[in-house]
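Shown next, in structure tokens, is the structure this report addresses.
Just so it is clear, none of the values below were taken in a lab; they were calculated from the coordinates. In this text, all values refer to a predicted model and were calculated from it rather than measured experimentally. Here the Cβ positions follow ideal geometry from the backbone for every residue, glycine too, while neighbour counts run over all protein chains shown.
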Amino acid sequence: MKKFLLTLLALLMIFSATALAKNVTVTGTGLTPVDAENDALRVAVEDTVGILVDAETLVQNSMLISDEIYTQSRGFVNEYSVISREQFAGGWRVTINATVDDQPNSKLMNELTRLGIINVRLRNPKIAVYVPEQHLNYNVNGSGGEVAIVKTLLNAGFSNVIEVGTGLSYQNPMAMNAAQMKSAAEKFGADIMIVGESFSEGVGDMGNYLPGNQRTNMQACRARVEAKMFIVKTGQIIAADGQYGSAYDNSQAIAAKKALSSAGEQVGNYFVEQITGVYTSRQGVEIIVYGADFSKINLVQSALVKNPRVKNLNLSSYEGGRAVFNANYGGSPQTLFNELQAATTANLTLQSLAYNTLTIYVR
């Protein structure tokens, strides 16, 4: 068991390192040191865009990307350091180490989405989840970890989620390469594929872990769920995580399911955070509210103010029962609407959702 856990943890560390790697070391050239440094920044962003965007789209939109992205490269680089400056006969050569944020709600991804380079479906993607499970003592039917991940995504406002279940049959999903994940995702028409594996193990009577070692007839179980998330269009693994869960019940099978569900929920929350950008950059969102009078609109404004994930809220305009708010929000517009419904007694109706715009009626 210990050897098995160590192997899985090692795999997770490898995948996590891949998912979170944002540093690139690149070289630029120019007539002056400043020109060469700017060229190196362009190369860093160009390398990152090459990962996010498929080759065909790059070719079709080469002029647009060059004019709107590469000329603004400095704005997409979080930080960088100059490793070397070297003068040669034709000018200067500068090598830098740069960090370019390529997360789903980063400034770069937002701009690529605005330009139509990356499909806006990534804002409410179709997500396929494949996390088969095994119980180390005996067979337990179903997939508690997978169901928990799906439920967490749905609760966060992602409406296009598919529980794959037995629709695929890979012995070791965490070892699936990009081609295999793309093939699996295309089978379900998914934009994002979450693949992983989970296992549970009975650890005996609960009394074994209480003072006096008295039998309780309650069976304890431990479980682990781990998975990686893959953007199908670009072939990029953008996140990986693994979590433990524990539970008890008078039935070991039920205890196993509870433990798997606990671990799966934690993994699901992590993936929600990665997609919506809670721990990366917060995206700007416009909230358009229609109401009979401002007292109604004020109910929505109060709910927005109380929401801890809404930052820098301001009322940009109000006229004829139409108010426009601007804010930064670490999530999708659908999630924000769900939170507003739960936070106010007003009758809210969702009119439309767009890339970063939420339009609602309040009565």
Next item on the list: Using the structure shown, select from Lys257/Lys311; Lys258/Lys296; Lys187/Lys257; Lys258/Lys311 the pairs with a Cα to Cα distance greater than 32 angstrom.
Entry: Lys257/Lys311; Lys258/Lys296; Lys258/Lys311
Checklist line | Ordering of 167-179, 33-45 by packing [mean C-beta count within 10 Å, highest first] | finding: 33-45, 167-179
Item checked: HN-Hα J in Hz across region 167-181 - Karplus 6.51, -1.76, 1.60, θ = phi - 60°, x for Gly and Pro -> x, 10, 9, 10, 5, 9, x, 5, 9, 4, 8, 4, 5, 5, 5
Notebook entry, point to check: Using +1 on the beta carbon of Lys and Arg, -1 on that of Asp and Glu, and nothing else charged, what's the dipole of region 283-349 about the Cα centre, debye to 20?
Noted result: 160 debye
Next item on the list: State the answer as a single residue: which of Pro308, Ala323, Thr335 lies farthest towards the positive end of the charge dipole of region 292-349, with beta carbon charges of +1 for Lys and Arg and -1 for Asp and Glu, about the Cα centre.
Entry: Pro308
